[in-house]
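Participant: Pasting a structure here, questions to come.
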């Protein structure tokens, strides 16, 4: 493969990888830190995409729309966790298995709700950075991927700072590590988890905005992302924001290189990505940044 | 003993006949149709057209004196659902006649079922599903027959422009691969050198890398065989990354660029693309203008594809073919109907159709048209003659291709 093509493959992979990290970040909190099997995370993200679509029709930039959506999604997440807690977690040890069924149900309801509300057509948004590219000699980089890259990095940095520098952030990490100890310290783990789930859902709203910036969305799009997002979170080491970026990059770069290489066979792209996941987990079962 | 007059006997006889017909109930036609998933948008408009035919035929008194009822289930564009749906249609709903779901992938799994039970199946825009099964009671409504018929016009146009090299990009599923293989064979026969040949996985979200790979290969002709969500992403990536100055003609088999919401959303980025179609304004078929006018009203109410050029007329034609065959044979017997369909020319709003021995059209009429002068955010522009210039088939040609691709795009 020519060197310029290889370099472009890596470049596209970095941009794609950051997008994968962005769509996985909310799950990194809900599943990675809170141990909630939130398989409806991609479906919530798609709701964020549709809300972004509605707001963009009112003239808002998609990224601004994603930011505007974060507070209501935060509240939605808190409500969703409260329901999950009361219905499953509070009742005992089989919450995990039943929780998976619950969140699958939520995902299906969301899909059907979107179909009924918006129809099955694909929806897309418009912005000055969608459909245009930056040129550096012969290299052209889609601006939409650059925007998503920037937002993903900013989101990762902010979440990492929040988790390490604030009292609530440290409490969220503590509840992930030792819930009884946190209870003994006088903190209410359920409220902490509820808060964290709210953050995860708010992040999913912004990720939804990025999803519709990258490409058109339809109500069933969440299915494509269930495997990818969980793979990124597991590869990262559950709950690590920095790890999520690195894991996204590994999947993105490997996928991009397989897609751009003229002789490798693009069909193998997902297989190569997930083979890498297995390989890394074989060497480090706790994930790249897991402890 | 009092005798009844002949008139009275006739009236009683007629009453009994009418009662017997009423007891028979409606003629049930069953099908699955994608209403959700990748083919959902097309499936909704196709189903609307079939319901229009049912209304029309019932307004004329039905068939064989019975009303016609259409029973349709959503297969979610999921091939795993269709065998179960058709078994239910046959064994629970007891339908009299069948229509296949829209698309190749959902149709393929029901072919063994209909062959095993000896049932007539009207195909619905699928490709090559009968190649292996070889069911003699299969009749497709699609204007293509072999893989060559699909891509022939495109490859010919590329050759006329002096193309010597070709790139293939195709979705990695049964339907796309069948067609892409046909195009690959045609290209080989035409002496074109393949410089790029990739199948992409259906989960691909961003096509920047693939389009960059095509640009690096510097082909003269780029043949793309993609499904609707991918087609949108590919057009967008081509707009951003570019395929290079070498490309004379781009497109061919991109599913989705026939659907109104996608055409409207992509707008001017469609310009220059040469792609297959079933019908575009400018082609004169008897009765199609009236159908499209009535369809436009219903589509607006149902909030489905407002133009309805691609699938709806051909689905209406399925109803017309059943109508013609049933009226001619005075029967619902599948073998008799199949025999009639095989031997006679069918008169439809998409022109006359005569079937070959494999149940595909004896004479294919796949249109290859180039998008020209398309502007953004305007659906109605596509009703105009001239936004899609017909390059092929020759008898419907409305203009010559503009090349190279970058020039045709106005870049």
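Participant: Select from the range A:151-163 the residues that are under 13 Å from residue A:241 (Cα atoms) and either in contact with a helix residue (DSSP H, G or I) (Cβ under 7 Å, 6 or more places away or on another chain) or surrounded by 14 or more Cβ atoms within 10 Å (Cβ to Cβ) (or both) and list them in ascending order.
Facilitator: Applying the first criterion (under 13 Å from residue A:241 (Cα atoms)) to the range A:151-163 yields A:152-163.
Matches in the range A:151-163: A:152, A:153, A:155, A:156, A:159, A:160, A:162, A:163.
Participant: State the number of residues belonging to the range A:139-166 that are more than 10 Å from every other protein chain (Cβ to nearest Cβ) and not in a helix (DSSP H, G or I).
Facilitator: Counting residues in the range A:139-166 that are more than 10 Å from every other protein chain (Cβ to nearest Cβ) and not in a helix (DSSP H, G or I) gives 1.
Participant: At least 3 residues that are surrounded by 22 or more Cβ atoms within 10 Å (Cβ to Cβ) in each: list the strands (runs of 3 or more DSSP E) lying fully within the range B:303-411 that qualify. Walk me through it before giving the result.
Facilitator: On the way: elements: B:346-348, B:351-353, B:367-371, B:388-392.
Hits in the range B:303-411: B:367-371, B:388-392.
Participant: Could you list, in sequence order, all residues of the range B:292-302 that are away from chain A (no Cβ under 14 Å) and surrounded by fewer than 23 Cβ atoms within 10 Å (Cβ to Cβ)? If you could, list the steps in order and put the result at the bottom.
Facilitator: First, pick out the residues of the range B:292-302 that are away from chain A (no Cβ under 14 Å): B:292-298.
Selection gives B:292, B:293, B:294, B:296, B:297, B:298.
Participant: For residues in the range B:148-173 being in a helix (DSSP H, G or I) and in contact with a helix residue (DSSP H, G or I) (Cβ under 6 Å, 6 or more places away or on another chain), which is nearest to residue B:272 (Cα to Cα)? Walk me through how you get there before you give the answer.
Facilitator: Step one: list which residues in the range B:148-173 are in a helix (DSSP H, G or I), which gives B:148-160.
Cutting the leftovers down to in contact with a helix residue (DSSP H, G or I) (Cβ under 6 Å, 6 or more places away or on another chain) gives us B:148, B:150-151, B:155.
Working: B:148: 23, B:150: 19, B:151: 17, B:155: 16 Å.
Taking the candidates together, the pick is B:155.
Participant: Sort through B:236, B:184 and tell me the only one that's facing chain A (nearest Cβ under 9 Å) and buried (at least 19 other Cβ atoms within 10 Å of the Cβ).
Facilitator: Working: B:184 fails: facing chain A (nearest Cβ under 9 Å).
Result: B:236 is the single residue among B:236, B:184 that is facing chain A (nearest Cβ under 9 Å) and buried (at least 19 other Cβ atoms within 10 Å of the Cβ).
Participant: Name, by its number, the condition in (1) surrounded by fewer than 24 Cβ atoms within 10 Å (Cβ to Cβ); (2) part of a helix (DSSP H, G or I) that does not hold for residue A:196.
Facilitator: Looking at each condition in turn, residue A:196 falls short on (1).
Participant: Could we say that residue B:333 is farther than 14 Å from residue B:281 by Cα, modelled with pLDDT under 95 and out of contact with any strand residue (DSSP E or B) (no Cβ under 8 Å at 6 or more places or on another chain) here? Write out each step before concluding.
Facilitator: Values: farther than 14 Å from residue B:281 by Cα: yes; modelled with pLDDT under 95: no; out of contact with any strand residue (DSSP E or B) (no Cβ under 8 Å at 6 or more places or on another chain): yes.
Judged against the criteria, residue B:333 is not a match.
Participant: Would you point out which residue out of B:217, B:157 is at the interface with chain A (Cβ under 10 Å from one of its Cβ atoms) and either touching a strand residue (DSSP E or B) at 6+ places or on another chain (Cβ under 8 Å) or at negative phi (or both)?
Facilitator: On the way: B:157 fails: at the interface with chain A (Cβ under 10 Å from one of its Cβ atoms).
Just one listed residue meets the conditions, B:217.
Participant: So is residue B:131 in the same structural domain as residue B:313 (by TED's automatic domain parsing), closer than 30 Å to residue B:346 by Cα, surrounded by fewer than 22 Cβ atoms within 10 Å (Cβ to Cβ) and out of contact with any helix residue (DSSP H, G or I) (no Cβ under 6 Å at 6 or more places or on another chain) or not?
Facilitator: Numbers: in the same structural domain as residue B:313 (by TED's automatic domain parsing): yes; closer than 30 Å to residue B:346 by Cα: yes; surrounded by fewer than 22 Cβ atoms within 10 Å (Cβ to Cβ): yes; out of contact with any helix residue (DSSP H, G or I) (no Cβ under 6 Å at 6 or more places or on another chain): yes.
Against the criterion (in the same structural domain as residue B:313 (by TED's automatic domain parsing), closer than 30 Å to residue B:346 by Cα, surrounded by fewer than 22 Cβ atoms within 10 Å (Cβ to Cβ) and out of contact with any helix residue (DSSP H, G or I) (no Cβ under 6 Å at 6 or more places or on another chain)), residue B:131 qualifies.
Participant: Another question, if that's okay. It is to be established whether one or more residues within the range B:64-71 are buried (at least 22 other Cβ atoms within 10 Å of the Cβ), more than 14 Å from chain A (Cβ to nearest Cβ) and modelled with pLDDT of 95 or more. Step through it out loud before you land on a result.
Facilitator: Applying the first criterion (buried (at least 22 other Cβ atoms within 10 Å of the Cβ)) to the range B:64-71 yields B:68.
Cutting the leftovers down to more than 14 Å from chain A (Cβ to nearest Cβ) gives us B:68.
Cutting the leftovers down to modelled with pLDDT of 95 or more gives us B:68.
The answer is yes, given that some residue of the range B:64-71 is buried (at least 22 other Cβ atoms within 10 Å of the Cβ), more than 14 Å from chain A (Cβ to nearest Cβ) and modelled with pLDDT of 95 or more.
Participant: Just give me the residues in the range B:46-80 being part of a loop (DSSP other than H, G, I, E, B) and under 20 Å from the mean Cα position of the chain (by Cα), in sequence order.
Facilitator: Step one: list which residues in the range B:46-80 are part of a loop (DSSP other than H, G, I, E, B), which gives B:60-62, B:64-65, B:67, B:74-80.
If the condition is that a residue be part of a loop (DSSP other than H, G, I, E, B) and under 20 Å from the mean Cα position of the chain (by Cα), then B:74, B:75, B:76, B:77, B:78, B:79 are the ones that fit.
Participant: State whether one or more residues within the range B:213-235 are more than 28 Å from residue B:174 (Cα to Cα) and either without any contact (Cβ under 8 Å) to a residue 40 or more places away in the chain or over 18 Å from the mean Cα position of the chain (by Cα) (or both). Quick ask: steps written out before the conclusion?
Facilitator: Step one: list which residues in the range B:213-235 are more than 28 Å from residue B:174 (Cα to Cα), which gives none.
Taking every residue of the range B:213-235 in turn, none turns out to be more than 28 Å from residue B:174 (Cα to Cα) and either without any contact (Cβ under 8 Å) to a residue 40 or more places away in the chain or over 18 Å from the mean Cα position of the chain (by Cα) (or both).
Participant: Does residue A:97 satisfy the criteria of being outside any loop (DSSP other than H, G, I, E, B), out of contact with any strand residue (DSSP E or B) (no Cβ under 8 Å at 6 or more places or on another chain), free of Cβ contacts under 8 Å to residues at least 24 places away in the same chain and within 14 Å of another protein chain (Cβ to nearest Cβ)? Don't jump to the end; show me each part of the working.
Facilitator: Numbers: outside any loop (DSSP other than H, G, I, E, B): yes; out of contact with any strand residue (DSSP E or B) (no Cβ under 8 Å at 6 or more places or on another chain): yes; free of Cβ contacts under 8 Å to residues at least 24 places away in the same chain: yes; within 14 Å of another protein chain (Cβ to nearest Cβ): no.
No: the conditions fail for residue A:97.
Participant: Another question, then. For residues in the range B:23-44 being more than 14 Å from every other protein chain (Cβ to nearest Cβ) and either within 17 Å of residue A:223 (Cα to Cα) or part of a helix (DSSP H, G or I) (or both), which is nearest to the chain's Cα centre (by Cα)?
Facilitator: Of the residues in the range B:23-44, the ones more than 14 Å from every other protein chain (Cβ to nearest Cβ) are B:23-32.
This time we only want the ones that are either within 17 Å of residue A:223 (Cα to Cα) or part of a helix (DSSP H, G or I) (or both), so: B:23-24.
Numbers: B:23: 36, B:24: 33 Å.
Looking at the filtered set, the residue picked out is B:24.
Participant: In the range B:48-70, what count of residues is obtained for those that are farther than 22 Å from residue B:308 by Cβ and touching a strand residue (DSSP E or B) at 6+ places or on another chain (Cβ under 9 Å)?
Facilitator: 6
Participant: Within the range B:87-98, is even one residue within 22 Å of residue B:173 (Cα to Cα), touching a helix residue (DSSP H, G or I) at 6+ places or on another chain (Cβ under 9 Å) and modelled with pLDDT of 95 or more? Walk me through it before giving the result.
Facilitator: First, the residues of the range B:87-98 that are within 22 Å of residue B:173 (Cα to Cα): none.
No, the range B:87-98 contains no residue that is within 22 Å of residue B:173 (Cα to Cα), touching a helix residue (DSSP H, G or I) at 6+ places or on another chain (Cβ under 9 Å) and modelled with pLDDT of 95 or more.
Participant: On to the next question. Residue B:203 is checked against (1) facing chain A (nearest Cβ under 10 Å); (2) touching a helix residue (DSSP H, G or I) at 6+ places or on another chain (Cβ under 8 Å); (3) surrounded by 19 or more Cβ atoms within 10 Å (Cβ to Cβ); (4) more than 16 Å from residue A:12 (Cβ to Cβ) and fails just one. What number does that condition carry?
Facilitator: (3)
Participant: Picking from B:196, B:227, which residue would you name as being closer than 17 Å to residue A:6 by Cα, buried (at least 19 other Cβ atoms within 10 Å of the Cβ) and in contact with a helix residue (DSSP H, G or I) (Cβ under 8 Å, 6 or more places away or on another chain)?
Facilitator: Details: B:227 fails: closer than 17 Å to residue A:6 by Cα.
Going through B:196, B:227 in turn, the sole match is B:196.
Participant: If you don't mind, another one. Within the range A:247-267, track down each residue that is within 10 Å of chain B (Cβ to nearest Cβ) and modelled with pLDDT of 85 or more. Please lay out each step first, then the result.
Facilitator: Looking only at the range A:247-267, we keep the residues that are within 10 Å of chain B (Cβ to nearest Cβ), and these are A:252, A:255-267.
Passing the criteria: A:252, A:255, A:256, A:257, A:258, A:259, A:260.
Participant: Only residues that are facing chain B (nearest Cβ under 9 Å) and outside any loop (DSSP other than H, G, I, E, B): list them for the range A:118-138, please.
Facilitator: The answer is A:123, A:133.
The values are calculated or read from the model by the stated rules, or taken from the named source; none is laboratory data. Owing to the predicted nature of the structure, the values given are computational and were not obtained by experimental measurement. Virtual Cβ from ideal backbone geometry, glycine too; neighbours counted across all protein chains shown.
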